[in-house]
Structure formats: structure tokens, C-alpha cells
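To start, the structure itself, in C-alpha cells.
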Amino acid sequence: MSLKLNILANYASQIYVTAVGILILPLYIKYMGVEAYGLVGFFTMLQAWFALLDLGLTPTIGRETARYHGGSMSALAYRQIFRAISLIFSLTAVIGGGGLWLLSKVIATHWLNISELPINDVILAVQIMAISVALRWMGGLYRGVVSGSERLVWLSSFNAVIATLRFIAVFASMYFFGFTPVVFFVHQMFVALVEILGLFLMAQRLLPARKSLGQAIGWSFRPIKPLVKFALTIAFTASIWVLATQTDKLVLSGILPLAQYGYFTLAVLVAGGVMIVSGPISNAIMPRMARLHAEGRHDELIKVYRNSTQLVCIIGGSAAITLATCAKPLLFAWTGDMELAVKAAPIMRLYSIGNGFLVVAAFSFYLQYAKGNL
């Protein structure tokens, strides 16, 4: 699959997903209220923190899939690794989602600063979040197989469909059943079910057929022992990433009134556009660089690294400068709400600058990821 085509497909999907997700936000605030939108921001933050339970397994399965397609391992060894990682994913999803469900009342009554929303609705919303977060996180396993196989055109199209269901179709559900947080999160849970089912079916098509393996796959964690060092190193770097980019959101979710947290979330989300514009490139080059390293084509690996670094500096840098220097007028043009623009612009300005540095700093990790030396 052409690397350029993968990048273009990623960009087309990412632009659509981002545009839909961001452009629709003023409607959430208009129909649900800013306090209810604060719950949406809390839901987004929970998904990011749930990544700490990953232990480096999502990027590991993506890299091992790329290495399998590069001829570095047998079909049987790859299926054994996939099964072992699947077991860990399933157990973690149950434990993590179940723990969040059990803590839903404590979160609603002692963490979130609610002033208008009914407390029972908030508790139910957090319980539904627990299910949705577990489902979406479990989908990361199958997403790793698809991206590691470089089926990024299909994945990009699928992401666009899911984004349409998540951000646009939700208004149909709320129109019929009410513009409440409970209806919103029930809809998101059903979309998460559709998402994991679609990723699962595609991953099953890409995995080597059991008939071709010659022997039973077995049930053992032994196949992933050689990968533990790599996975734990990725888990450490991912933990640093989450701590650096999400601690503020976690702390403020328990300090700010939920309505103020909604303004904060909105500003941070828009500033996150800087990270998003670099995402399609990193998603395309990481499996390609891992495969080139596995095949011993080091000159091509370095060429991909240098060209993509320059491209991200141009695109990400331009986005960061634009969002930082034009924060207030952009927010007002987008929402039509001057009060919102005044409150959110200083936050958006600072986060845009910080994200501009982050997108460039990530490239040293991409190269280490490809070489398996973190």
C-alpha cells in the first residue's frame, strides 16, 4: 500500500472527524447546556486516562503485525502473540470498566462539582461512560491489527463513519428522546458497540487463517515474554505522555464547577487540532518504519523519517501559530458567543503553543518505536 495514499486517506478522515467533532460543539452547548458539556469533557478525559491500563500492548500489537507482514515471524507465532494480548485486553477492560462503574456514585457526588444536573442522571451517565470507555479501549487491539497491516484507507473510511454516528447522529437520538446527558451517553455506548464490532470483523479478515497454521494456537502468555521489555517501555513512555497532557484535566475536573470545566474542555479541544493535524502522518509512518527496519531497508527508513518530520513541522507549526495568534476571533466566529470566546481564548492560546512543540518532539519516539529500542 502506497505510503502517500495512506497519509492522504488519514488526512481526509482526520480532517472530517476533526471538523465534525469541533464544528458541532456549539450545538452541544446550545441544546445540552455548558454543564452537561462538562460531562462530555470528563468522558473524553477518562478515555485518555484509561490508556494507562494499556501497558504498551496497543502499539506492541501494531508493531508485531507490521513485523509479521515484513516476514520477521511465522503466522503461528503471530497468532499466539495476538491471542495472549487479547486475553490481557479482555481482563483489563472488565477490571477497568467495572472499577469505574463501581466508583460512579463517588465520582458524581464527591468529585464533580454539579450545580444544576440531577445527581441520579450524572451517576447513570458515569456508569454508561464506564461501559463505553471499556468498549472503545478494547477496540484498540483490533485497530492495532488493522493499522499494523497498513489498511489505513479502510480504517480512515471506517473512522469517518463512526464519527458521523458519534457526533451527528446523536442529535437524532436526542431529538426523539430528549437533550439530556443520559440520552447522549447511551447513544455513545451503542456507537462504541458498532465500532468494536466493525474493527473485530476486519481484524479477523487480516489475521492468518487458523487452517494455515499447522497446529493449535494454544492458550499461553509465554509468546509475549520476549515482548515484555518493549511493551513495558512503551507503557512507561505512554504514562509520561498521559501524565504530561492529562493531569491538568483530571485535577481541574474536580476543582472547577462543571460549567467552567466545559469552557476549559472546549478550549483545549480546539487547541488539540495541532496534535490532530500531525496524527495522520504518524499513524502512517509508524508501521511503515517498523516494517522497513524489519526488512533491513534502513536508508528508506531514514528518508521516511526526515520527510515526515519536515512535513509535520510545516503543517503543525502553521496550525499552532494560527490558533495561538487568532484564538479569540476564531472562537467567536465559530461559536457566535463573545463571552465564551473571551473565557476560552487565553487557554486555547497557551495549549496551541504547547501542542506545537509536542508534535515535533514525538518524532524521536517514532524512530525508536520502529527500531524496537526505547
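By accessible area, using a 1.4 Å probe on protein heavy atoms only, the chain has 68% of its surface on carbon and sulfur.
Length gained on full extension, residue 197 to residue 318, computed as 0.36 nm times the residue gap minus the Cα-Cα distance: 39.8 nm. State which entries of 225/249; 105/225; 30/105 exceed 31 angstrom in Cα-Cα distance in the structure shown. Flagged as over cut-off: 225/249; 105/225.
Per residue, the solvent-accessible area of the chain (1.4 Å probe, heavy atoms of protein chains only, all protein chains present) comes to 46 Å². For the pair segment 332-346 / segment 8-42, the C-alpha centres are spaced 16 Å from each other.
Given contacts defined as C-alpha pairs under 8 Å and at least six residues apart, what's the relative contact order of the chain, whole-number percent? Walk me through the numbers on the way to the answer.
Working: 478 pairs, mean separation 107.0, N = 374.
It rounds to 29 percent for the chain.
Taking amide H as placed 1.01 Å from N in the peptide plane, residue 113 has its amide H under 5 Å from the amide H of 258, each at least 5 places away in sequence or on another chain.
Each peptide in 182-191, 195-204, 244-253 was scored by the mean count of other Cβ atoms within 10 Å over its residues; highest first, the order is 182-191, 195-204, 244-253. Based on alpha carbons, the Rg and Dmax found for segment 278-374 are 17.5, 57 Å.
From its DSSP helices (H runs of at least four residues, each -39,500 (n - 2.57)), the chain gives a residue-normalised ellipticity at 222 nm of -27000 deg cm²/dmol. Expressed as a fraction of 2.2 N^0.38 Å, the C-alpha radius of gyration for segment 10-145 is 1.30.
Sorting the Cα pairs of segment 230-301 by distance into bins of 10 Å, from 0 upward, gives 16, 30, 30, 16, 7, 1 percent per bin.
Label separation (residue 19 vs residue 101): 3.9 nm, computed from points 7 Å beyond Cα along the C-beta direction. Computed over every Cα-Cα pair of segment 103-215 and binned at 10 Å starting from 0, the pair-distance distribution P(r) comes out as 13, 33, 28, 17, 7, 2, 0 percent.
Just how many % of Cα pairs in the chain lie over 32 Å apart, if you round to the nearest whole percent? Taking all Cα-Cα pairs of the chain, the fraction more than 32 Å apart is 34 percent.
The values are calculated or read from the model by the stated rules, or taken from the named source; none is laboratory data. On a predicted model such as this, the values are computed, not experimentally measured, just so you know. With ideal geometry, Cβ positions are generated from the backbone for all residues, glycine too; neighbour counts draw on all protein chains shown. Heavy atoms of the whole protein, side chains included, go into the accessibility calculation; ligands, DNA and RNA do not. Shrake-Rupley method; radii C 1.70, N 1.55, O 1.52, S 1.80 Å.
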